[in-house]
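Asker: I'd like to ask some things about the structure below.
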Amino acid sequence: LEKVAIQINQTYEQTCYDACAVMVRRLVEILIIETFEAHQKSAIIKDSNGDYFMLNDLISRFQSESWPQNPSRNLKKTLLELKGIGDKSAHSRFYNAQRSDIDDVKVQLRGATEELLYLSKIKK
């Protein structure tokens, strides 16, 4: 997680905003998986081969799952927003992320990351 965070910061500082957005998406995916694993619920997010679902399905399962600490409304909304910017940066032929795209989600990213760190029991 620390290496991913370092890469997010470095890509931002080096004006590699598409790379930054993709790494943000990766961080979200990792933290959702860590949350399921911390609560012994990883089977819910794996297919019949034992592979984790794609991020869209991970988010859907995360949002519908019952957790000891209820995820905030902001977190649920932010997950889709962070996925969206990462998807556009990774898959769109005609989209190039700009600094403002990342800046627009920085506060939400910080809040979502911290909340997921608590939900995943990584941070106590």
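Derivation of every value follows stated rules applied to the coordinates shown; laboratory data play no part. Predicted, not measured: the structure shown is a model, and the values here were computed from it. Virtual Cβ from ideal backbone geometry, glycine too; neighbours counted across all protein chains shown.
Asker: Against the condition out of contact with any Cys (no Cβ under 9 Å at 6 or more places or on another chain), of a type in the set (Phe, Trp, Tyr) and in a helix (DSSP H, G or I), how does Tyr118 come out, does it pass?
Answerer: So Tyr118 fits the description; yes.
Asker: Which pairs turn up if I take residues in the range 41-57 that are more than 24 Å from Leu82 (Cα to Cα) and look for partners that are of a type in the set (S, T, N, Q) and exposed (fewer than 11 other Cβ atoms within 10 Å of the Cβ) with beta carbon separation below 7 Å, at least 6 apart in sequence or on another chain?
Answerer: Cβ pairs passing all conditions: none.
Asker: Right, next: Is it the case that some residue within the range 103-110 is under 14 Å from the mean Cα position of the chain (by Cα), in contact (Cβ under 8 Å) with a residue 40 or more places away in the chain and within 25 Å of Ala19 (Cα to Cα)?
Answerer: There is at least one residue in the range 103-110 that is under 14 Å from the mean Cα position of the chain (by Cα), in contact (Cβ under 8 Å) with a residue 40 or more places away in the chain and within 25 Å of Ala19 (Cα to Cα).
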